[in-house]
1. For segment 269-291, give me the residue count where each residue is farther than 14 Å from Ser246 by Cα and touching a Phe, Trp or Tyr at 6+ places or on another chain (Cβ under 6 Å).
2. So which of Asn196, Asn192, Asn184, Asn178 ends up being closer than 19 Å to Thr221 by Cβ and out of contact with any helix residue (DSSP H, G or I) (no Cβ under 7 Å at 6 or more places or on another chain)?
3. Here is a list of conditions, (1) under 20 Å from Tyr193 (Cβ atoms); (2) surrounded by fewer than 14 Cβ atoms within 10 Å (Cβ to Cβ); (3) over 41 Å from the mean Cα position of the chain (by Cα), and Glu273 meets all of them except one; can you say which number that is?
4. May I ask you to list the residues in segment 196-233 that are under 23 Å from Leu263 (Cα atoms) and under 44 Å from the mean Cα position of the chain (by Cα)?
5. Search segment 183-195 for residues that are closer than 16 Å to Tyr224 by Cα and pair each with any residue that is of a type in the set (A, V, I, L, M, F, W, C) and in a helix (DSSP H, G or I) when their beta-carbon atoms are under 6 Å apart and the residues are at least 6 apart or on different chains.
6. Which ones in segment 192-213 are part of a helix (DSSP H, G or I) and open to solvent by 20 Å² or more (accessible area, probe 1.4 Å)?
7. Across segment 246-258, what is the total count of residues that are crowded, with 19+ Cβ neighbours inside 10 Å and either free of Cβ contacts under 8 Å to residues at least 24 places away in the same chain or among the hydrophobic types (A, V, I, L, M, F, W, C) (or both)?
Amino acid sequence: MGKKEDNKTRSFTNDLDRNFDDDHDPDFDLDEYIRRQSQPTAQMPLQEEAKDPDRYLFKNGVLIFIVFAAAFLWFNSWSDAESWSSIFGGNDQAAEVTAGVPGLDQPEISIPEPPQVPSAPGVEAPPAPPASSLDMTITEYLSVLQDRGYLGDEISGFSARQLYDANVPVSYLDELQNAGFLENLSFVYITNYFQNQIPLTYLESLHDAGVYEELSFVDVTAFYNDNIPTEYLVTLNEAGYLEDLSFVYVTNFYNAGVTVEFLDQLKEQGLYEDLNFLDIVDLYQRENSDG
């Protein structure tokens, strides 16, 4: 180590002496000369990079390729997937390979149908309304009602328009009028009776039995569709139950055979007001089962 330093110092001193002796320049700047001689290593990276032109050629080649590829794809309006498919093959080849591999078959997917929502106990869907037989305009319809004396007295203008939209013929209104029901019926009752095809004879039987006034059009429709005997309704009415019972209670009580006597028993025990129709039916069946 000491020997190398001595050689380097000796060389630098010889160069200094030689330049000083040869030039004999009175303006020779020793400090500047020493500074220049101390910076040869700073130019080494530039010389090394100049010795490696291949790397610049490679970079330029890559950039030229990228620009060419981008221009080619843009000119042909290809997507990345299409370009890949064009160069390396499309999805058909992958599908063929997948199909050839056992155990990769896709299972069939079956979507279950939604469950059917049950209707209320004892209530059936009403039949489809009959085809309309109206062959007149609404103004003509109102004119006929006015000629019959219905418009303004039994039927308001609003109700008449609703009846027309429901396709209720004037002849059906005539039948209700002749049976004495039209005056006390709103268009809602009339429309539902007509669309559910409730016979006037059934309305008359309920009226004659003294239970018609206790029932809504929903009750009447349900009792008619479920074939609830008028006698059973009369029995409940005479015992004071029909007025407070909906058609759901009445229909389930009749189908389960619940008697008025059993209802009276529950009332005497203070249980009737706290039980619903399911409770009452279950209690009745438990106490009156053969087992």
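The values are calculated or read from the model by the stated rules, or taken from the named source; none is laboratory data. Everything quoted here is computed from the prediction, not taken from an experiment. Using ideal geometry, Cβ is built from the backbone for each residue, glycine included, and neighbour counts are taken over all protein chains shown. Ligands, DNA and RNA are excluded from the accessible area calculation, which covers all protein heavy atoms including side chains. Shrake-Rupley method; radii C 1.70, N 1.55, O 1.52, S 1.80 Å.
1. So the count comes out to 1.
2. Numbers: Asn196 fails: out of contact with any helix residue (DSSP H, G or I) (no Cβ under 7 Å at 6 or more places or on another chain); Asn192 fails: out of contact with any helix residue (DSSP H, G or I) (no Cβ under 7 Å at 6 or more places or on another chain); Asn178 fails: closer than 19 Å to Thr221 by Cβ.
Residue meeting the stated conditions: Asn184.
3. (1)
4. Glu214, Leu215, Ser216, Asp219, Val220, Ala222, Phe223, Asp226, Asn227, Ile228
5. Going by the 6 Å Cβ cut-off, the qualifying pairs are Tyr189/Phe217; Asn192/Phe217.
6. Asn192, Phe194, Gln195, Leu200, Thr201, Tyr202, Glu204, Ser205, His207, Asp208, Tyr212, Glu213
7. Going through segment 246-258 one residue at a time, the tally reaches 4.
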